[in-house]
Each structure stands twice: as C-alpha cells, then as structure tokens.
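K.L.:
Attaching a single structure in structure tokens format; questions to follow.
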Amino acid sequence: MLARLSTASGMLRELTTDVTGEQAAKPPAPGEWSIADVVRHLVEGDRDTFLPRLRRMVAETRPVFDTAAPAAGDASDLATLVAAFASAREQVMKILRGLDAAGWLREGVSPSRGALTVEAYTRSTDEHDTEHLKQIQDVRARLGLRPKRCEARAALLPADLVAALAAAAGRRRRRGASTR
C-alpha cells in the first residue's frame, strides 16, 4: 500500500505531462470532470483533508474531524496542481513511514465514516487514488490522447503483456549484440 501511495504523484505527473491547458480544462462530456477537475480533487483530498487529519490522528487521542466546508477550488494551472499533490503526498509519506504498529492503529472520527484507524484511512486513500487515476485515463482516451503505460495501475491485457515482453526481449538482444 505504501509503495502504491508513494508512486501516485509520479503516475499523476506522467498522466498529465503531455496534456495542454485546453485539454486539461475540457470535460469529456457535459457534467463530467475534466483532467484538471480530477487533479484539483486529488490535491484538495491530500493537502486539505488527509494530511491535516493524519497529523491530528498521530498527535491527538481520537480526534473528531469537522465536516469539511467545500473549497472554492484551486484555480492553479495543471502543472502547479500536480506539484501541489506531490508535495502533500510527500508529507503524508513521511508521516506514514515513521509510524510504528501502534501508530497505524490510532483513530480519528470522520463526520461521514465514523471511527477510522490510520491504516483504514490510508487504505481508502490508496483506493481513492486508483479510482481517480483511472478516471484520468478514461478522460485521456475520450480526448484522443495517447495511452500511457503507467495508467491507473491497470493490468495489461494478456496480448499486450506478451507484446511488451517480446519487445523488451528484442531490445535486450540488440543491446547484448552491440556490446560484443
């Protein structure tokens, strides 16, 4: 779980590096989220909710969290949002990596989900990441953007896996032949 959480910011950067400002702002259909909307949601989830709550869970005994007031929405450009997510996630990872067994069992009380341990909250954040990385993958496809290998932790189809392994083997053979 920690490995997946720590790779989410790199995956997000990879999924958005070739997206123009116009593409980032364009929802795939009326009423659906654009790539920028999804990234903004991820930033607000980590920076404004998970990180402050995690800090309280580690420092206080069973804190009770207030209902988060809807934010006005960060109007930053896509690259700034991706960097903000990476910064917040780095801080989250520093805290999580420093926890002992008892730290993972510390609790906080969410207004919508009740009592949660650090482990349960972290697990739901991991699932949340995957859900929204897949959402970005889907928006990319609907906008006609080239697929990325890292997309949404999605397993390759068997035929794609066989093709990728065959291509890698061919590259390795060519490198081996060129060093002889």
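K.L.:
Looking at the range 103-121, can you tell me whether even one residue there is outside any loop (DSSP other than H, G, I, E, B) and under 16 Å from the mean Cα position of the chain (by Cα)?
P.N.:
The initial filter retains those residues of the range 103-121 that are outside any loop (DSSP other than H, G, I, E, B), namely 103-104, 107-110, 114-121.
Among the residues that remain, those that are also under 16 Å from the mean Cα position of the chain (by Cα) are: 121.
Yes, there is a match, as at least one residue in the range 103-121 is outside any loop (DSSP other than H, G, I, E, B) and under 16 Å from the mean Cα position of the chain (by Cα).
K.L.:
When you go through (1) modelled with pLDDT under 65; (2) surrounded by 10 or more Cβ atoms within 10 Å (Cβ to Cβ) one by one for Ala155, which number turns out not to apply?
P.N.:
Ala155 satisfies every listed condition except (2).
K.L.:
Cβ-Cβ below 6 Å, separation at least six or inter-chain, first residue in the range 87-116 and small (Gly, Ala, Ser), second crowded, with 16+ Cβ neighbours inside 10 Å and part of a helix (DSSP H, G or I): which pairs?
P.N.:
Between residues of the range 87-116 that are small (Gly, Ala, Ser) and residues that are crowded, with 16+ Cβ neighbours inside 10 Å and part of a helix (DSSP H, G or I), the close pairs are Ala88/Asp46; Ala88/Arg47; Ala88/Leu51; Gly108/Arg53; Gly108/Met57.
K.L.:
Which one of these is free of Cβ contacts under 8 Å to residues at least 24 places away in the same chain, surrounded by 15 or more Cβ atoms within 10 Å (Cβ to Cβ) and of a type outside the set (Phe, Trp, Tyr): Asp46, Asp37? Can you show your working first?
P.N.:
Numbers: Asp46 fails: free of Cβ contacts under 8 Å to residues at least 24 places away in the same chain.
None of the others qualify; the one that does is Asp37.
K.L.:
Checking the structure you have, find out if any residue of the range 18-31 is within 28 Å of Arg123 (Cα to Cα), polar (S, T, N, Q) and either touching a strand residue (DSSP E or B) at 6+ places or on another chain (Cβ under 7 Å) or modelled with pLDDT of 95 or more (or both).
P.N.:
no
K.L.:
Please specify each residue of the range 49-64 satisfying the condition of being in a helix (DSSP H, G or I) and in contact (Cβ under 8 Å) with a residue 40 or more places away in the chain.
P.N.:
Initial filter on the range 49-64 (in a helix (DSSP H, G or I)): 49-59.
Residues satisfying the conditions are Phe50, Leu51, Arg53, Leu54, Arg55, Arg56, Met57, Val58.
The values are calculated or read from the model by the stated rules, or taken from the named source; none is laboratory data. All figures in this text were calculated on a predicted structure; none of them were measured in a lab. Here the Cβ is made from the backbone with ideal geometry for all residues, glycine too, and neighbour counts use every protein chain on show.
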